[in-house]
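Student: Once you've had a glance at the structure underneath, I'll fire off some questions.
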Amino acid sequence: MKLNLLKNLTARGGWRRLGTALALTAMLALQPEAQAASGWVNTGAGTTLVGRIDVGQTQVDVPIAVSAMNSLQLQAIVPVPGATITLLDPNGATVVAPNDPGLSYADGQSLSPPLPGGAYITPVVTNPVDGNWVLRARFPAAPTKTIALVTVQAASAYQVGLVQTGQTYYVGQPVPLGLLAVHNGAPISGLQPTAVISKDGAALVNVDLVDDGRADGYDGLANDGIYSTGVKFNSTGRYLIEARVTIPVAGGSITRTAAGFVDVVPRNYALNAVTGGFSTGAGGCIAQLNVNANATVQRAGTYSTAATLRGPDGHTLVKRTNNLLASPGTFDATVAFTSREVRSHFVQGGAFTIDPLEVVSVANDISMLEVRSHSAYIFPNFALAQFCVDPIEVGLSASVVPVLRAPFIGQLNFALPISVTASGNYQISFKITDALGQQVGQFAVNQFLSAGNVNTIAAQVPAAMLQVSDGPFNVESVLVVGAGNSAQASRVPVAASGYSRWQFFPTITGDLNGDGSVDAADRDILLSFRNAQPMVPGDRRDLNGDGKIDLLDARLIVLRACKSPNCPRN
């Protein structure tokens with residue numbers, strides 16, 4: 001799978017965004033393990049550039065490679081009090097001076113909490129000449145080691161951006177990296193990007209990025225303009241990723257760069273052991289498969305353990321459990337698969353495997369994959385006939401069939417599957433609810449159920465009960481009693497039930513809010529959908545049935561105005 005992309009383009013003149021970036025810069029300077037947004041991609045040409053500032057330094061120059069750009073605007077964050085900035089063209093001439101009236105500034109002290117330095121936005125430079133521009137920041141002697149960030153906002157047909165699925169990784173964990181290259185929004189193929197990985201100012205390794213679709217090279221789709229690679233870091237710290245690509249153009253070539261950070265931290269999660277077993281029911285049948293992961297963690301947080309039960313038929317069943325830890329330590333996470341779930345998801349028995357076992361931690365609103373273990377546990381060979389059958393089993397999913405009353409849905413026919421081991425009369429009660437949990441129907445049924453078969457409990461809900469309800473629907477509060485046994489289900493989802501309230505046959509034509517009247521409130525609802533495409537089958541908002549929701553329909557609502565209970569019913 002390709003890396004997820006979130007285009008995080010900073011809005012010009014957006015002080016809130018700059019304030020956030022300024023806060024991030026302060027964190028970069030002060031906290032080695034500061035976090036950034038997962039999946040952060042800036043596809044603007046040049047993206048974000050870094051200028052290092054050492055203690056006592058009074059000036060920093062950030063070079064900006066300009067080529068084939070229609071406009072150029074810079075957002076600079078300098079976390080040193082008293083800084084001024086100057087923009088120089090490739091000939092060294094001043095284009096933006098510190099006192100330029102078009103230069104905007106936000107003082108870091110005005111933010112909450114106050115932060116050192118400030119943020120600047122230059123005026124837009126139209127048709128900048130090609131070459132190496134320089135943003136120069138001057139300031140009193142820097143009191144601490146920090147960095148200046150310069151984000152390039154440039155209008156250009158050629159854009160690149162660094163693709164990262166996250167910023168923080170563990171020692172030894174593969175880190176996928178990518179570079180997106182586009183021309184007028186379309187992927188550019190056939191390039192040969194490279195990236196330099198450095199730490200503390202020293203280059204460590206050069207890597208090539210490829211767009212060949214090979215999963216083992218971290219590239220999931222060939223020729224989509226995302227050039228990928230994977231890197232493992234064997235020591236902790238903050239690493240700078242600087243990618244560069246040369247793009248052929250008419251009459252020559254242009255260069256684009258992009259930069260980002262990777263924080264590598266000590267491992268937090270140690271998987272000590274994975275064990276499994278099963279519990280038995282009456283007669284020695286298998287009631288449940290259990291898998292337990294014993295682990296030791298170094299920090300508090302929520303740990304979500306997901307176990308995938310993989311059957312010999314290739315089908316899979318995923319279950320998960322969450323553990324909230326108030327302090328570091330050792331804990332057990334147990335995931336259980338009931339006999340009913342196994343029999344419902346698999347068509348043959350054999351050796352069931354936990355593949356994979358995955359653990360994700362969430363601490364301080366930051367989620368991280370802690371471990372992914374393949375073939376973590378293998379159960380003995382089990383035939384499906386060995387798994388227990390409950391005396392009464394309510395289906396894991398219900399179904400629904402719409403009954404048309406042209407051109408609308410006149411009724412929804414629901415079907416709830418129930419299996420029993422003993423034939424006889426059973427009492428079944430349940431209710432049907434809409435997407436908001438509002439009840440649209442309540443049912444009590446006395447029905448003969450056959451053993452060994454899947455019996456269907458039918459329930460019909462007329463359109464009159466659905467005038468203000470949207471799907472998907474659920475069957476809730478199910479209770480089945482009979483043959484000396486009982487079974488309950490709190491909620492059974494109804495598959496493929498995403499119908500809209502507008503599709504149901506109108507009880508009163510024009511009554512869109514279901515209050516029994518046709519009035520200005522209904523007209524306003526219709527006008528809020530003006531020019532929307534009517535739904536199929538049927539749409540109560542298209543009163544005249546001409547295939548449009550427009551002022552003609554609103555006029556019909558006005559003409560049909562009436563007050564409850566005197567409105568004519570269909």
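Student: Can you tell me the length gained on complete extension of the stretch Ala435 to Leu325, counting 0.36 nm per residue apart and subtracting the Cα distance?
Tutor: On the way: separation 110, 0.36 × 110 = 39.60 nm, distance 3.32 nm.
Gain on extension, Ala435 to Leu325, equals 36.3 nm.
Student: What ranking of Thr296, Thr421 comes out by heavy-atom accessible area, probe 1.4 Å, highest first? If you can, show how the numbers build up before the last one.
Tutor: Working: Thr296 35, Thr421 80 Å².
So, going from the largest accessible area down, we get Thr421, Thr296.
Student: Here's a follow-up. Order Asp211, Asp130, most accessible first, counting only protein heavy atoms with a 1.4 angstrom probe.
Tutor: Details: Asp211 20, Asp130 100 Å².
Result, largest first: Asp130, Asp211.
Student: Further question on the same structure: If you roll a 1.4 Å probe over the range 471-570 with all protein chains in place, what percent of the accessible area is carbon or sulfur?
Tutor: Roughly 52 percent, rounded to a whole number.
Student: Output the peptides 96-103, 423-430 sorted from most to least packed, where packing is the average of other Cβ atoms within 10 Å over each peptide's residues. Don't skip to the end; give the middle numbers.
Tutor: Values: 96-103: 13.1, 423-430: 16.9.
In decreasing order of mean packing, 96-103, 423-430 become 423-430, 96-103.
Student: With r as the distance between the Cβ atoms of Ser71 and Asn531 and R0 = 45 Å, compute the FRET efficiency 1/(1 + (r/R0)^6) and round to 0.05. Can you show the working numbers first?
Tutor: Values: r = 35 Å, r/R0 = 0.78.
Once the sixth-power term is evaluated, E becomes 0.80.
Student: Right, next: Go ahead and run the numbers for FRET between Asn234 and Asp546, Cβ-Cβ distance against an R0 of 51 Å, rounding to 0.05.
Tutor: On the way: r = 69 Å, r/R0 = 1.35.
E(calc), rounded to 0.05, equals 0.15.
Student: Sticking with this structure for a sec: Between the alpha-carbon centers of the range 301-358 and the range 70-123, tell me the distance in whole angstrom.
Tutor: Each part's Cα centre sits 53 Å from the other's.
Student: Is any residue of the range 443-484 close enough, with backbone N under 20 Å, to a label point placed 7 angstrom from the Cα of Ser564 along the Cα-Cβ axis, and if so, which?
Tutor: 462-470
Student: What net charge is computed for the residues neighbouring Ser361, neighbours being all others with C-beta under 12 Å from the C-beta of Ser361, Lys and Arg scored +1, Asp and Glu -1?
Tutor: Cβ neighbours under 12 Å give a net charge of -1.
Student: If I model a spin label as a point 7 Å beyond the Cα along the Cα-Cβ vector, how far apart are those points for Ala270 and Glu476 in nm?
Tutor: Spacing of the two 7 Å Cα→Cβ label points: 4.6 nm.
Student: For the range 97-188, which whole percent of the accessible surface, found with a 1.4 angstrom probe, sits on carbon and sulfur atoms?
Tutor: Numbers: 2090 of 3750 Å².
Taking all protein chains in place, the range 97-188 shows 56 percent carbon and sulfur surface.
Student: To continue, here is another question. So which trypsin sites (Lys or Arg not before Pro) in the range 505-546 end up in coil per DSSP with only 12 or fewer other C-beta atoms within 10 Å? Spell out each step's value before the answer.
Tutor: Numbers: sites: Arg523, Arg530, Arg540, Arg541; in loops: Arg530, Arg540, Arg541.
Hits after loop and neighbour filter: nothing returned.
Student: Tell me the label-point distance for the pair Ser110, Val249, using the 7 Å Cα-to-Cβ offset, in nm and rounded to one decimal.
Tutor: Between Ser110 and Val249, the simple spin-label model gives 3.6 nm.
Student: While we're looking at this one, here's another question. Which order do Asp519, Asp539 take by accessible area at a 1.4 Å probe, largest first?
Tutor: Numbers: Asp519 35, Asp539 10 Å².
Sorted descending by solvent-accessible area, the residues read Asp519, Asp539.
Student: Evaluate E = 1/(1 + (r/R0)^6) for Ala464 and Gln57, where r is the Cβ-Cβ distance and R0 equals 51 Å; express this FRET efficiency to the nearest 0.05.
Tutor: Numbers: r = 76 Å, r/R0 = 1.49.
E(calc), rounded to 0.05, equals 0.10.
Student: Please get the size of the charge dipole for the chain, origin at its Cα centre, with Cβ charges of +1 on Lys and Arg and -1 on Asp and Glu, quoted in debye to the nearest 20.
Tutor: Details: 36 positive and 38 negative charges, 82 e Å.
The calculated dipole for the chain is roughly 400 debye.
Student: Kindly report the accessible area of the chain per residue (heavy atoms of protein chains, probe 1.4 Å, no ligands, DNA or RNA), in Å². Numbers along the way, then the final one.
Tutor: Numbers: 26610 Å² over 570 residues.
Accessible surface, normalised per residue, equals 47 Å².
Student: Got a number for carbon plus sulfur as a percent of the range 224-328's accessible area, 1.4 Å probe?
Tutor: The computed percentage sits at 49.
Student: Could I ask something else about it? Val318 versus Ser198, label points 7 Å from Cα toward the beta carbon: distance in nm?
Tutor: 4.0
Student: Another question, if that's okay. Residues with beta-carbon under 14 Å from that of Thr316, excluding Thr316: net charge, scoring Lys, Arg +1 and Asp, Glu -1?
Tutor: Working: positive: Arg310, Lys319, Arg320; negative: Asp313, Glu341, Asp355, Glu358.
Around Thr316, the charge tally is -1.
Student: Continuing with this model, one more query. Pull out a ≥ b ≥ c, the square roots of the eigenvalues of the alpha-carbon gyration tensor of the range 338-386, then state rounded if a/c is under 1.5, prolate if not and a/b is larger than b/c, and oblate in the remaining case. Present the calculation step by step, with values, prior to reporting the outcome.
Tutor: Numbers: a/c = 4.61, a/b = 2.34, b/c = 1.97.
Verdict is prolate for the range 338-386.
Student: Next up: Enumerate the helices in the chain for which the Kyte-Doolittle hydropathy averages -1.0 or more and the C-alpha atoms extend at least 24 Å along the helix's axis, using complete DSSP H runs. Spell out each step's value before the answer.
Tutor: Details: long enough: none.
Membrane-span-like by this rule: not one helix.
Student: Can you compute 3J(HN,Hα) from phi for each residue in the range 246-262, using the Karplus curve 6.51 cos²θ - 1.76 cosθ + 1.60 with θ = phi - 60°, rounded to whole Hz and x for Gly and Pro?
Tutor: After applying 6.51 cos²θ - 1.76 cosθ + 1.60, I find 9, 10, x, 9, 4, x, x, 8, 10, 10, 10, 10, 8, 9, x, 10, 10 Hz.
The values are calculated or read from the model by the stated rules, or taken from the named source; none is laboratory data. Not measured: the values here are computed from a predicted model. Counting neighbours? That spans all protein chains shown, and the Cβs are built from the backbone with ideal geometry, glycine included. These area figures cover heavy atoms from the full protein model, side chains too; ligands, DNA and RNA do not enter into them. Shrake-Rupley method; radii C 1.70, N 1.55, O 1.52, S 1.80 Å.
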